[in-house]
Structures are given as C-alpha cells and as structure tokens.
1. Suppose we filter A:Phe83, A:Phe65, A:Phe73, A:Phe94 for residues that are open to solvent by less than 60 Å² (accessible area, probe 1.4 Å), within 14 Å of chain B (Cβ to nearest Cβ) and more than 16 Å from the chain's Cα centre (by Cα); which single one remains?
2. So the check is Cβ under 7 Å with 6+ separation or different chains; which pairs have a first residue in the range B:86-107 that's facing chain A (nearest Cβ under 8 Å) and a second one that's surrounded by 18 or more Cβ atoms within 10 Å (Cβ to Cβ) and part of a helix (DSSP H, G or I)?
3. Has the range B:74-83 got any residue that is touching a strand residue (DSSP E or B) at 6+ places or on another chain (Cβ under 9 Å), outside any helix (DSSP H, G or I) and more than 8 Å from chain A (Cβ to nearest Cβ)?
4. When you go through A:Phe42, A:Phe59 one by one, which is the residue that is of a type in the set (Phe, Trp, Tyr) and touching a Gly at 6+ places or on another chain (Cβ under 9 Å)?
5. Tally the residues that are of a type in the set (A, V, I, L, M, F, W, C), at the interface with another protein chain (Cβ under 9 Å from one of its Cβ atoms) and part of a loop (DSSP other than H, G, I, E, B), restricting the search to the range B:40-73.
6. So how many residues does the range A:28-55 have that are in a loop (DSSP other than H, G, I, E, B), open to solvent by 60 Å² or more (accessible area, probe 1.4 Å) and over 17 Å from A:Val69 (Cα atoms)?
Amino acid sequence: MNIIYCCSDGVYSSRIMAGIHLRQLPSDKIASSKEILSLQGFGNKKLKSGVVQYVGDDFYLNSIFTLAVKNDFKIVRKAIQDFLKLYSVSADKFMLVESPKISSPWITVGGYLHDMGFFSTGNKLVVNSIRRNYPSFVKKVKEVLAQLD
Amino acid sequence: MKVIYHCYGGAHSSVTAAAIHLGYLPENRTPSAKEIMQVPLYDKHTDSDHGKIFLFGIDEHNNEIYVVGCRSLGDTFDSILRGIGDIAGIDHSDTILVNTLSAVNWKMRIGGYLSRRLGIIALGRPIVLSGTRSNYQKFVKMVNSVKNHLYNKSVQGGK
C-alpha cells in the first residue's frame, strides 16, 4: 500500500502525519519543538509543489509519502483515481489522507514568514500551531493505521 | 498516446482545445458562438465534475483525447499525476498533459466564473463565448503544437 499524506504545501501537516505514522514522532504525547524541527524535509519549501515525496516505509512495508495539493484535495483524489483507471491500475494500492483542518491561521502566517526569509519566526509560529493541534494529527494517523489492520 | 487537456473548470479552454484537436471545431477560421456551443461539454461542467478525467474522443491517429478541470493546480497537476504514475509503475510516457490556461483571457475567466461558478448563465455564457472566439487562434496554435509533438513521437517510435 502507498499512503500519501496530503496538505496544502506538503511540508508541514503532511510531514507531521508521516512522522507520526513512521514513529519518528510520538503518538502518546505532544512532540517537542526540537523533535518536529529535526524531521527531515519539514518546512523545506525547496521541494517542488506537486512532487510526491517519499518519506519511508512503515513496519508493515507500506510506503509513506507526502504531497502538496493546495486546497484541492478532493480534486486531486478524483483525478488520481481516473488517471490510474486509464492504465487499468487499481486505485486500492493508494490511500490519500487529507490533513485535518486546523483552525489556527498561524500555520499559514508562519509559512509565509518562512517564505519571506524570516525562518526562525516563521518556524516558531508553525511549530507552535502544530503542537497546539497535535492531537488531531495523531487521531488522523490512528484512523489510517486502523484501516490498515 | 493519451492527451489530457486541462484547465480550471474543464468547461471552456480545455474543451475548446480538445474540440479543435478532434476536428469538432475548424482550424482555418474562428467558429461562430453557435458552433462552439454545439461542442459537447462546452460550458457544461460544474464544481462536482472537477478532477474527473473525461474521454472526449479519439483522433484520426487513434490518440485518446481527454479533458479535465483541476482548479488552480495548473502545472502541479502534471507533476502529481506523473509522480503517482511512477509509484504505480506505469509507463506514462505515452501521456501528454496540456495546460490550456495560457490561452485563457479575462473574458473567459469572468464569463466562466459567472456561468459555471455563480450559475448566471444568461450573463456569463455570452462573455465566455466572446472570449473563446477572441483567443481562438491561440487555441489552434496550441493544438497544432500538440499534434506536432504527437507526430514527432510517432516518428521516433516508428524508427
């Protein structure tokens, strides 16, 4: 199975979920800022938008990816299903997981500040926002893991 | 080969390009608004159709021609599908994705928005039709470029 965690820019929420899935981040407590910032690829805006980024294989040899889908998750999911059909490939090999909706605007503001070169302030805002919403990421990953059982 | 023309809503520019490709619309002149409206799917798709890849027809060289609306994904759409194709082990070298938004003018944007998004068809449709006719030669040029690419590929494949 190929599990693709999706969020708007592919480097924050989706990377966090991939990290929890791969046990790079804890699921029984909120990850520290240091743990989050040390995730490979976290906040790396150099990753080209739309690239399906391989992160690693889980315990059951499922391949875990992240993907930036802007605000068009449903569109991307439909298009991928239809694209695979064109080649008679089963869409069952893929699970696309949408990032939970985070009510805080700080993750967006932090991302913009990061883009503008204010890396430290930007990252701080993003990480704080992620930590505040961490349980919702864990919940989502647990739902995915439950589906895989 | 598979050619996927994609634009924002899959209702105007991608449909126009696909229709020219398949000969539903002429290459040597600008068609009337009535002729354009007779093209299947023109100004028909709604939000719920976005992301669905529609088979529009098969050209004289047996190439499959598709249209799809992918909102603001643009060239990112190409990258996503190719990435998924790679993971699935698909040889997608026979697929050409064509972003038709470069031929879209402000009339098509405004008319399309009014007609498809807001549902004000009586106001939006004449505007989008006028925009399509204004930029028609751009679509013809785009399609000819795709056809040349297909021809070159088939020549290379035949060697």
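1. Details: A:Phe65 fails: more than 16 Å from the chain's Cα centre (by Cα); A:Phe73 fails: more than 16 Å from the chain's Cα centre (by Cα); A:Phe94 fails: more than 16 Å from the chain's Cα centre (by Cα).
Exactly one of A:Phe83, A:Phe65, A:Phe73, A:Phe94 is open to solvent by less than 60 Å² (accessible area, probe 1.4 Å), within 14 Å of chain B (Cβ to nearest Cβ) and more than 16 Å from the chain's Cα centre (by Cα), namely A:Phe83.
2. So the pair list comes out as B:Ala88/A:Leu84; B:His92/B:Arg82; B:His92/B:Gly85.
3. Going residue by residue through the range B:74-83, those that are touching a strand residue (DSSP E or B) at 6+ places or on another chain (Cβ under 9 Å) are B:74-78, B:80-83.
Narrowing further to those that are outside any helix (DSSP H, G or I): B:74.
Filter once more, so that each one left must be more than 8 Å from chain A (Cβ to nearest Cβ): B:74.
Scanning the range B:74-83 turns up at least one residue that is touching a strand residue (DSSP E or B) at 6+ places or on another chain (Cβ under 9 Å), outside any helix (DSSP H, G or I) and more than 8 Å from chain A (Cβ to nearest Cβ).
4. Working: A:Phe59 fails: touching a Gly at 6+ places or on another chain (Cβ under 9 Å).
Exactly one residue qualifies, and that residue is A:Phe42.
5. Final tally of qualifying residues: 2.
6. Going through the range A:28-55, the residues in a loop (DSSP other than H, G, I, E, B) turn out to be A:28-32, A:38-52.
Adding the requirement that they be open to solvent by 60 Å² or more (accessible area, probe 1.4 Å) leaves A:28-30, A:38, A:40, A:45-46, A:48.
Of the ones still in play, those that are also over 17 Å from A:Val69 (Cα atoms) are A:28-30, A:38, A:40.
The number of residues fulfilling the criteria is 5.
This table checks each residue for (1) open to solvent by less than 60 Å² (accessible area, probe 1.4 Å); (2) of a type in the set (Asp, Glu); (3) closer than 15 Å to A:Ile30 by Cβ.
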site	(1), (2), (3)
A:Trp106	no, no, no
A:Val109	yes, no, no
A:Tyr112	no, no, no
A:Gly122	yes, no, no
A:Pro135	no, no, yes
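The values are calculated or read from the model by the stated rules, or taken from the named source; none is laboratory data. Note that this is a predicted model, so its numbers are computed, not measured. Ideal geometry is used to build each Cβ from the backbone, glycine not excepted, and the neighbour counts take in all protein chains shown. All accessible areas refer to the heavy atoms of the entire protein, side chains included, with ligands and DNA or RNA removed. Shrake-Rupley method; radii C 1.70, N 1.55, O 1.52, S 1.80 Å.
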